[in-house]
Amino acid sequence: MLETILCALVTLLPDYLFRRYVQGKRIGHELTLFSVWYELRWGLTSCAMLTLTVITTLFYFHPATNAVTSYFRTVTILPQVGGRVEEIYVTNNQEIEAGHPILRLEGLSQQAAVEAAKAGIAQIEAARKLAVTDLAMADAGIAQARAALTQAQEDLARNQTLKDQGSSAVRLTEIERLDNLVSEREALLQAAEAGKAAAQQQIDVLIPAQMASAQAQLELAEAELGKTLIVAGVDGRIEQFGLEVGDYVSPLLRPAGLLVPSDSGRGRFQAGFNQMAAQVIKPGMVGEIGCMTKPFTIVPMVVVAVQDVIPSGQIHPSDVLRDPAKNLTPGSVTVYLEPLYEGGADLLPPGSACLANVYTNNHDRLEHDPDLGGFERAFLHVVDTIGVVHAAGLRLRVLLMPMQTLVFSGGH
């Protein structure tokens, strides 16, 4: 409507003034309801053509959309194991910080596994002390066997010396007995040393390996016990939380609720523009949004990114061939917007439904490009100028938004 009024000022109005003051035709006489079209045909035709041209140029170089929102993520409060609720530490709509406990499940079997693992560690520690005692006994046994061997060797050497001197007091059977006794004592010494080596090997290798395995079992049991305590992974607010002590929750069948992160979706908006805007909207362009959650307010924005794919073209592997003729609804170009000034969107909650305009700016090109021709310069000036019309239209829609929402749509 605004574009038509502006175009009529340079088309329809001059035609009327010519008919009225040059040709002398008067309203109600020569200019009647039935003769207006014929008398003002040039002005009406020019006004319609210029209006269509202005509107086309306006919406092409200054795209607009009413599909704007700030998407935010939610974190499902989901236990890693199923079980009945034993304790609850939060309430619905409560603000919590990362690491804050949310609920605890019954963990009798997990606690029993922890106690069993601790008992296994205590048993291995007792075995280590027993092995140390065995090592000390082995040292004593070695000393005893070495002393007995020394005694037998001395008796054999003394009898051997007497025999070599020709003494009749020494019998050959006694020497043979002592020789066998020395061999026996040497075997006992070797057995005692082998026992010590076995005890030392048990202390150095076997018991540490058993202790490491028991520690791993304890850590595993404690990890399983830790799964019964569900804590917040991020700062946020608890939503849709209605559990009571004794309720059963499961990672597959029943989640506990939702956690809405505090910083998710704030200060970043996603807008869906028609596909003709794909070649116009670029990062760095300035825009504006007006949201239903903050009426009568325009927030300056800047384009930070443009998605380089059209969502409607995505496919999923299946056993049915995709028919392009069924994709009749064209997808939109996803544009990411952030406030031009810090804190500009702080009062806009995530999920707000908004309107958006993005404006083409040719100021730098007009200032620094010497190769522009006169017609092109005039056209770029027109493009930048009619952006004001679009900005006024956005403000008008924002002003009418509360009335349209509360009155004509029944408050929905």
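With a Förster radius of 56 Å, plug the Cβ-Cβ distance of residue 22 and residue 309 into 1/(1 + (r/R0)^6) and report the FRET value to the nearest 0.05.
On the way: r = 59 Å, r/R0 = 1.05.
Computed FRET efficiency for residue 22 and residue 309 comes out at 0.45.
Just the accessible area per residue of the chain, please: how many Å² with a 1.4 Å probe? Before the final figure, lay out the partial values.
Details: 25430 Å² over 412 residues.
Ligands and nucleic acids excluded, the result is 62 Å² per residue.
Springs between alpha-carbon pairs under 10 angstrom, Gaussian network model over the chain: which of 389, 306, 182 fluctuates most?
So, out of 389, 306, 182, the one fluctuating most is 182.
From the gyration tensor of the Cα coordinates in the chain, what semi-axes in whole Å does the equivalent ellipsoid have, largest first, with each one equal to sqrt(5λ)?
Values: eigenvalues 1970, 153, 61 Å².
The answer is 99, 28, 18 Å, longest axis first.
When the convex hull of the Cα atoms of region 361-412 is projected onto a plane and the area is averaged over all directions, what value comes out in nm²?
Working: hull surface 18.6 nm².
Computing the convex hull of the Cα atoms and averaging its projections yields 4.6 nm².
Take the alpha-carbon positions of region 316-403, form their convex hull, and give its projected area averaged over all directions (one quarter of the hull surface) in nm². List each step's numbers first, then the result.
Working: hull surface 47.6 nm².
Result: 11.9 nm².
Just to compare against my own numbers: the Cα pair-distance distribution for region 255-412, 5 Å bins, whole % per bin, please.
1, 7, 13, 14, 15, 15, 13, 10, 6, 3, 1, 0, 0, 0
Hey, with R₀ at 60 Å, roughly what FRET efficiency would residue 190 and residue 239 work out to, going by the Cβ-Cβ distance, to 0.05? Working shown, then result.
Numbers: r = 76 Å, r/R0 = 1.27.
For R0 = 60 Å, the calculated efficiency reads 0.20.
For the chain, modelled as a Gaussian network with Cα springs under 10 Å, which listed residue fluctuates most, 59, 34, 241?
In the Gaussian network model the winner is 34.
Please list, or write none, the lysines whose alpha carbon is within less than 16 Å of the alpha carbon of residue 129, excluding same-chain residues fewer than 8 places away.
Candidates past the 8-residue exclusion: 196.
Let me know the charge dipole size of region 1-119 about its Cα centre in debye, to the nearest 20, where only the beta-carbon of Lys, Arg (+1) and Asp, Glu (-1) is charged.
On the way: 9 positive and 10 negative charges, 159 e Å.
Roughly 760 debye for region 1-119.
Return the long-range amide H neighbours of residue 352 (sequence gap of 5 or more, or a different chain), with a cut-off of under 5 Å between placed amide H atoms.
The list, which skips near neighbours in sequence, is 70.
Could you name the aspartates and glutamates in cross-link range of residue 118, using Cα to Cα under 19 Å and dropping any fewer than eight places away on the same chain?
219, 222, 224
Please list the non-local residues whose amide H lies under 5 Å from the amide H of residue 257, H modeled 1.01 Å from N, same-chain partners needing a gap of 5 or more.
The list, which skips near neighbours in sequence, is 77.
Report ³J(HN,Hα) in whole Hz for each residue of region 301-309, in order, from the Karplus equation J = 6.51 cos²θ - 1.76 cosθ + 1.60 where θ = phi - 60°; Gly and Pro get x.
In residue order, the calculated couplings are 10, 9, 6, 9, 6, 10, 5, 8, 10 Hz.
Scan region 77-168 for GluC sites (Glu not before Pro) in coil per DSSP, keeping those whose Cβ has at most 16 other Cβ atoms within 10 Å, and list them by number. Walk me through the numbers before you get to the answer.
Numbers: sites: 86, 87, 95, 97, 106, 115, 125, 154; in loops: 97, 106.
Here the GluC sites (Glu not before Pro) that fit, given the DSSP loop and packing criteria, are 97, 106.
Could you give each residue of region 227-235 its phi-based ³J(HN,Hα) in whole Hz, using Karplus coefficients 6.51, -1.76, 1.60 with θ = phi - 60°, and x for Gly or Pro?
Each residue's phi maps through the Karplus curve to give 5, 7, 9, 9, 10, 6, x, 9, 5 Hz.
Can you list the DSSP H helices in the chain whose Cα atoms extend at least 27 Å along the helix axis and whose mean Kyte-Doolittle hydropathy is 0.0 or higher?
Answer set is 41-61, 207-226, 374-403.
The values are calculated or read from the model by the stated rules, or taken from the named source; none is laboratory data. Nothing here was measured: the structure is a model prediction, and the numbers come from that model. We place every Cβ from the backbone using ideal geometry, glycine too, and count neighbours over all the protein chains shown. Only protein heavy atoms, including side chains, enter the accessible area calculation; ligands, DNA and RNA are left aside. Shrake-Rupley method; radii C 1.70, N 1.55, O 1.52, S 1.80 Å.
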